Amino acid sequence: GFSLLYGLTGTTHVPKMAEKIFTIGADPLLTVALVMVVIGFGFKVAAVPFHLWAPDAYQGAPLPSAVFIASGSKVASFFVFAKVLLLGFSQLGWGDEEKATGGWIPLLSIIAAVSMVLGNLAAIKQTSVRRLLAYSAIAHAGYMLIGFLAPGGDAFGSLLFYVTTYALTTVGAFGVLGVVES
(Lines give C-alpha, C1' and ligand atoms only; values in the text may rest on other atoms or scores of the structure.)
Protein backbone atom coordinates (compact mmCIF):
# COMPACT_ATOMS: atom_id res chain seq x y z
CA GLY A 1 0.00 0.00 0.00
CA PHE A 2 2.73 2.45 0.92
CA SER A 3 4.70 1.49 -2.18
CA LEU A 4 1.71 2.47 -4.29
CA LEU A 5 1.28 5.69 -2.32
CA TYR A 6 4.94 6.51 -2.88
CA GLY A 7 4.54 5.82 -6.58
CA LEU A 8 1.51 8.10 -6.78
CA THR A 9 2.88 10.96 -4.68
CA GLY A 10 6.66 10.74 -5.04
CA THR A 11 7.30 11.16 -1.30
CA THR A 12 7.51 9.09 1.85
CA HIS A 13 6.71 12.00 4.19
CA VAL A 14 3.16 11.18 5.27
CA PRO A 15 1.78 14.77 5.61
CA LYS A 16 3.19 15.70 2.17
CA MET A 17 1.81 12.43 0.83
CA ALA A 18 -1.64 13.37 2.17
CA GLU A 19 -1.45 16.81 0.53
CA LYS A 20 -0.59 15.28 -2.83
CA ILE A 21 -3.39 12.74 -2.52
CA PHE A 22 -5.91 15.60 -2.58
CA THR A 23 -4.43 16.97 -5.79
CA ILE A 24 -4.70 13.54 -7.44
CA GLY A 25 -8.47 13.34 -6.95
CA ALA A 26 -10.47 10.16 -7.46
CA ASP A 27 -8.09 7.46 -8.63
CA PRO A 28 -8.75 3.71 -8.41
CA LEU A 29 -5.06 3.02 -7.70
CA LEU A 30 -5.17 5.48 -4.79
CA THR A 31 -8.20 3.69 -3.36
CA VAL A 32 -6.42 0.34 -3.65
CA ALA A 33 -3.34 1.79 -1.94
CA LEU A 34 -5.31 3.21 0.99
CA VAL A 35 -7.29 -0.01 1.39
CA MET A 36 -4.04 -2.00 1.42
CA VAL A 37 -2.58 0.28 4.11
CA VAL A 38 -5.63 -0.13 6.37
CA ILE A 39 -5.70 -3.91 5.79
CA GLY A 40 -1.99 -4.14 6.60
CA PHE A 41 -2.46 -2.33 9.88
CA GLY A 42 -5.60 -4.40 10.56
CA PHE A 43 -3.51 -7.58 10.36
CA LYS A 44 -0.80 -6.09 12.55
CA VAL A 45 -3.19 -5.05 15.34
CA ALA A 46 -5.33 -8.23 15.00
CA ALA A 47 -8.63 -6.49 14.34
CA VAL A 48 -11.56 -8.43 12.87
CA PRO A 49 -11.60 -9.73 10.09
CA PHE A 50 -7.79 -9.84 10.07
CA HIS A 51 -7.47 -11.54 13.48
CA LEU A 52 -7.30 -15.21 12.58
CA TRP A 53 -3.56 -15.53 13.19
CA ALA A 54 -3.60 -14.29 16.80
CA PRO A 55 -5.04 -17.27 18.76
CA ASP A 56 -2.75 -19.78 17.05
CA ALA A 57 0.30 -17.52 17.42
CA TYR A 58 -0.36 -16.93 21.13
CA GLN A 59 -0.96 -20.65 21.70
CA GLY A 60 1.97 -22.01 19.72
CA ALA A 61 4.69 -19.45 20.45
CA PRO A 62 7.09 -19.75 23.38
CA LEU A 63 5.99 -17.57 26.29
CA PRO A 64 8.55 -14.75 25.75
CA SER A 65 7.62 -14.52 22.07
CA ALA A 66 3.91 -14.50 22.88
CA VAL A 67 4.48 -11.68 25.39
CA PHE A 68 6.32 -9.64 22.77
CA ILE A 69 3.64 -10.26 20.13
CA ALA A 70 0.88 -9.34 22.57
CA SER A 71 2.47 -6.22 24.04
CA GLY A 72 5.40 -4.63 22.22
CA SER A 73 4.19 -5.43 18.75
CA LYS A 74 0.71 -4.08 19.49
CA VAL A 75 2.09 -0.84 20.98
CA ALA A 76 4.34 -0.25 17.98
CA SER A 77 1.60 -1.10 15.49
CA PHE A 78 -1.01 1.17 17.04
CA PHE A 79 1.52 3.97 17.43
CA VAL A 80 2.44 3.89 13.74
CA PHE A 81 -1.19 3.35 12.68
CA ALA A 82 -2.26 6.37 14.74
CA LYS A 83 0.56 8.54 13.42
CA VAL A 84 -0.39 7.68 9.85
CA LEU A 85 -4.15 8.08 10.19
CA LEU A 86 -4.60 10.73 12.88
CA LEU A 87 -1.66 12.95 12.10
CA GLY A 88 -0.72 12.19 8.50
CA PHE A 89 -4.05 11.66 6.81
CA SER A 90 -6.23 13.82 9.06
CA GLN A 91 -7.78 15.43 5.98
CA LEU A 92 -9.34 12.09 5.05
CA GLY A 93 -11.80 12.22 7.94
CA TRP A 94 -9.77 11.77 11.12
CA GLY A 95 -9.43 14.25 13.93
CA ASP A 96 -12.01 16.70 12.59
CA GLU A 97 -15.54 16.84 13.99
CA GLU A 98 -16.97 18.14 10.71
CA LYS A 99 -15.66 15.11 8.83
CA ALA A 100 -16.73 12.60 11.47
CA THR A 101 -19.14 10.87 9.09
CA GLY A 102 -16.86 10.80 6.07
CA GLY A 103 -13.63 9.17 5.08
CA TRP A 104 -12.82 5.85 6.66
CA ILE A 105 -14.58 6.49 9.96
CA PRO A 106 -17.68 4.36 9.18
CA LEU A 107 -15.47 1.42 8.15
CA LEU A 108 -13.27 1.71 11.25
CA SER A 109 -16.40 1.98 13.40
CA ILE A 110 -17.70 -1.32 12.05
CA ILE A 111 -14.31 -3.01 12.43
CA ALA A 112 -14.04 -1.74 16.02
CA ALA A 113 -17.55 -2.89 16.98
CA VAL A 114 -17.19 -6.33 15.40
CA SER A 115 -13.74 -6.78 16.98
CA MET A 116 -15.13 -6.00 20.42
CA VAL A 117 -18.13 -8.31 20.09
CA LEU A 118 -16.40 -11.24 18.39
CA GLY A 119 -13.30 -11.04 20.58
CA ASN A 120 -15.31 -11.11 23.81
CA LEU A 121 -17.76 -13.80 22.68
CA ALA A 122 -14.98 -16.06 21.42
CA ALA A 123 -12.99 -15.55 24.63
CA ILE A 124 -15.88 -16.93 26.70
CA LYS A 125 -15.63 -20.37 25.06
CA GLN A 126 -11.85 -20.80 25.44
CA THR A 127 -10.32 -23.43 27.69
CA SER A 128 -6.72 -22.34 27.04
CA VAL A 129 -5.61 -19.20 28.87
CA ARG A 130 -3.32 -18.22 25.98
CA ARG A 131 -6.19 -18.39 23.48
CA LEU A 132 -8.37 -16.47 25.92
CA LEU A 133 -5.71 -13.74 26.06
CA ALA A 134 -5.56 -13.74 22.25
CA TYR A 135 -9.30 -13.22 21.89
CA SER A 136 -9.11 -10.59 24.61
CA ALA A 137 -6.43 -8.86 22.53
CA ILE A 138 -8.79 -8.90 19.54
CA ALA A 139 -11.50 -7.26 21.64
CA HIS A 140 -9.00 -4.71 22.94
CA ALA A 141 -7.99 -3.93 19.36
CA GLY A 142 -11.60 -2.87 18.87
CA TYR A 143 -11.47 -0.71 21.98
CA MET A 144 -8.26 0.88 20.75
CA LEU A 145 -9.75 1.56 17.32
CA ILE A 146 -12.37 3.68 19.09
CA GLY A 147 -9.48 6.08 19.79
CA PHE A 148 -9.33 6.78 16.06
CA LEU A 149 -12.96 7.84 16.11
CA ALA A 150 -12.65 10.39 18.90
CA PRO A 151 -12.97 13.97 17.66
CA GLY A 152 -10.48 16.62 18.69
CA GLY A 153 -6.77 16.71 19.38
CA ASP A 154 -6.75 14.36 22.38
CA ALA A 155 -7.37 11.20 20.34
CA PHE A 156 -3.70 10.37 19.81
CA GLY A 157 -2.71 10.91 23.44
CA SER A 158 -5.68 8.93 24.73
CA LEU A 159 -5.00 6.07 22.34
CA LEU A 160 -1.32 5.99 23.29
CA PHE A 161 -2.19 5.91 27.01
CA TYR A 162 -4.65 3.04 26.51
CA VAL A 163 -2.23 1.03 24.36
CA THR A 164 0.58 1.50 26.87
CA THR A 165 -1.50 0.45 29.88
CA TYR A 166 -2.87 -2.49 27.88
CA ALA A 167 0.68 -3.62 27.06
CA LEU A 168 1.80 -3.41 30.68
CA THR A 169 -1.19 -5.39 31.95
CA THR A 170 -0.71 -7.97 29.20
CA VAL A 171 2.91 -8.45 30.26
CA GLY A 172 1.62 -8.96 33.80
CA ALA A 173 -1.01 -11.47 32.69
CA PHE A 174 1.56 -13.47 30.73
CA GLY A 175 3.92 -13.25 33.71
CA VAL A 176 1.30 -14.86 35.92
CA LEU A 177 0.67 -17.44 33.20
CA GLY A 178 4.41 -18.22 33.09
CA VAL A 179 4.50 -18.76 36.85
CA VAL A 180 1.43 -21.01 36.72
CA GLU A 181 2.79 -23.00 33.76
CA SER A 182 6.10 -23.67 35.51
Residue among VAL171, VAL114, VAL176 that is modelled with pLDDT of 90 or more, open to solvent by 50 Å² or more (accessible area, probe 1.4 Å) and within 14 Å of the chain's Cα centre (by Cα): VAL114
Can ILE39 be described as more than 30 Å from VAL171 (Cα to Cα) and among the β-branched types (Val, Ile, Thr)? no
For the stretch 1-45, give me the residue count where each residue is more than 28 Å from GLY142 (Cβ to Cβ) and not aliphatic (A, V, I, L, M). 16
Among the numbered criteria (1) surrounded by 14 or more Cβ atoms within 10 Å (Cβ to Cβ); (2) part of a helix (DSSP H, G or I), which single criterion is violated by THR23? (1)
Selection from the stretch 134-153 of residues open to solvent by 30 Å² or more (accessible area, probe 1.4 Å), under 22 Å from THR169 (Cβ atoms) and modelled with pLDDT under 90 yields ILE146, ALA150
Quick count over the stretch 41-56, residues being more than 22 Å from THR127 (Cα to Cα) and assigned to a loop (DSSP other than H, G, I, E, B), is 2
So PHE22 clears everything in (1) more than 16 Å from the chain's Cα centre (by Cα); (2) within 30 Å of GLU181 (Cβ to Cβ) except one condition, right? Which one? (2)
Of all residues in the stretch 40-67, which are under 20 Å from SER182 (Cα atoms) and of a type outside the set (A, V, I, L, M, F, W, C)? TYR58, GLN59, GLY60, PRO62, PRO64, SER65
For the stretch 10-35, pairs from a residue that is closer than 22 Å to LEU108 by Cβ and among the aromatic types (Phe, Trp, Tyr) to a residue that is modelled with pLDDT under 80 and open to solvent by 50 Å² or more (accessible area, probe 1.4 Å), with Cβ under 8 Å and 6 or more apart or across chains, are PHE22/GLN91
Reported set for the stretch 52-62 where residues are under 19 Å from the mean Cα position of the chain (by Cα) and open to solvent by 20 Å² or more (accessible area, probe 1.4 Å) is LEU52, TRP53, ASP56, ALA57
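Just checking, how many residues over the stretch 35-50 are open to solvent by 20 Å² or more (accessible area, probe 1.4 Å) and either more than 12 Å from the chain's Cα centre (by Cα) or not hydrophobic (A, V, I, L, M, F, W, C) (or both)?
Total meeting the criteria: 5.
The values are calculated or read from the model by the stated rules, or taken from the named source; none is laboratory data. Since this is a predicted model, take the numbers as computed values, not measurements. All Cβ positions, even for glycine, are placed from backbone atoms using ideal geometry, and neighbour counts span all protein chains on display. Calculation scope for accessible area: heavy atoms of the full protein, side chains included, ligands and nucleic acids excluded. Shrake-Rupley method; radii C 1.70, N 1.55, O 1.52, S 1.80 Å.
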